[in-house]
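Reading through the structure tokens given below for one structure.
The values are calculated or read from the model by the stated rules, or taken from the named source; none is laboratory data. As the structure is a computational prediction, the values presented were derived from the model and not from experiment. Cβ placement follows ideal geometry from the backbone for every residue including glycine, while neighbour counts extend to all protein chains displayed. Note: accessible area is taken over every heavy atom of the protein model, side chains too, but ligands, DNA and RNA are not part of it. Shrake-Rupley method; radii C 1.70, N 1.55, O 1.52, S 1.80 Å.
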Amino acid sequence: MKILLYFFAVILMLSSFSIYQIDNDSYSLMQEQLKHVADDCSAAAMLYYDEDFFSGGYKVFNKAEGNNAIEHLIQNNLKQQPEEYFAYFFDGSGKMTAYRGKQKIKEKDNIEYPYLFTEELTGYKSLVNEPKVIVTINRGLFDYRLNFMEDKRLIRTSGYEYVGG
């Protein structure tokens, strides 16, 4: 009987270790996937700019097209849609515009570069020297199967900066 109890204890412990390892690997893979999608979103949003301002020497983003590109990449590259995503556009004209999804939530005029940006959701800080797009994707809580594990939030932030004259 004693051997049977030891056997069940070992099986229970090994099962817990295996479940933890599988969940932790899944969490790491999801973080990596969010990182790549956020990188792609910020790079894609940088490609859409206002041609009139660009001909005048300013990099001003076409925010509607940039947000469409971000939404398209998120929908096509993530199996489970995020709770929310944020896009921050720093124009060459000294204007910062923040969006939650496609809804504008904040706009600042006359910012001067270099500008220290702090993202409220994650505390991410970045020194913005030139026009830049920063994207934050919040996928929500990762659900660990073991009850004693604390659920972690899946959030990634990435920025892409226009470097040049």
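Tabulated values for the structure
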{"quantity": "Q75 free of Cβ contacts under 8 Å to residues at least 12 places away in the same chain, open to solvent by 30 Å² or more (accessible area, probe 1.4 Å) and out of contact with any Phe, Trp or Tyr (no Cβ under 6 Å at 6 or more places or on another chain)", "calculated": "yes"}
{"quantity": "Condition check for Q31: open to solvent by 60 Å² or more (accessible area, probe 1.4 Å) and over 24 Å from P114 (Cβ atoms)", "calculated": "no"}
{"quantity": "Single residue of Y144, Y160 found to be open to solvent by less than 90 Å² (accessible area, probe 1.4 Å) and among the hydroxyl-bearing types (S, T, Y)", "calculated": "Y144"}
{"quantity": "Among residues of the stretch 102-119, those that are more than 15 Å from K59 (Cα to Cα) and either of a type outside the set (D, E, K, R) or part of a strand (DSSP E or B) (or both), counted", "calculated": "11"}
{"quantity": "Residue within the stretch 133-144 that is over 20 Å from the mean Cα position of the chain (by Cα), in a loop (DSSP other than H, G, I, E, B) and not acidic (D, E) present", "calculated": "yes"}
{"quantity": "Failed item, numbered, when A44 is tested on (1) open to solvent by less than 80 Å² (accessible area, probe 1.4 Å); (2) out of contact with any helix residue (DSSP H, G or I) (no Cβ under 7 Å at 6 or more places or on another chain)", "calculated": "(2)"}
{"quantity": "Residue count for the stretch 103-115, restricted to those that are exposed (fewer than 13 other Cβ atoms within 10 Å of the Cβ) and either touching a strand residue (DSSP E or B) at 6+ places or on another chain (Cβ under 6 Å) or under 19 Å from R156 (Cα atoms) (or both)", "calculated": "5"}
{"quantity": "Residue among S42, S93 that alone is touching a Gly at 6+ places or on another chain (Cβ under 8 Å) and under 20 Å from Y115 (Cα atoms)", "calculated": "S42"}
{"quantity": "Evaluation of T122 against (1) β-branched (V, I, T); (2) part of a strand (DSSP E or B); (3) more than 29 Å from F54 (Cα to Cα) (one fails), failing number", "calculated": "(2)"}
{"quantity": "Tabulated pairs, the stretch 53-67, first among the basic types (K, R), second assigned to a helix (DSSP H, G or I), C-beta under 8 angstrom, 6+ apart or interchain", "calculated": "K59/F53"}
{"quantity": "Q31, sole failed condition from (1) touching an Asp or Glu at 6+ places or on another chain (Cβ under 6 Å); (2) polar (S, T, N, Q); (3) within 15 Å of N138 (Cβ to Cβ)", "calculated": "(1)"}
{"quantity": "Residue among Y85, Y58 that is surrounded by 15 or more Cβ atoms within 10 Å (Cβ to Cβ) and more than 19 Å from R156 (Cα to Cα)", "calculated": "Y58"}
{"quantity": "Test for Y99: is it in a strand (DSSP E or B), within 25 Å of S26 (Cβ to Cβ) and at pLDDT 90 or above", "calculated": "no"}
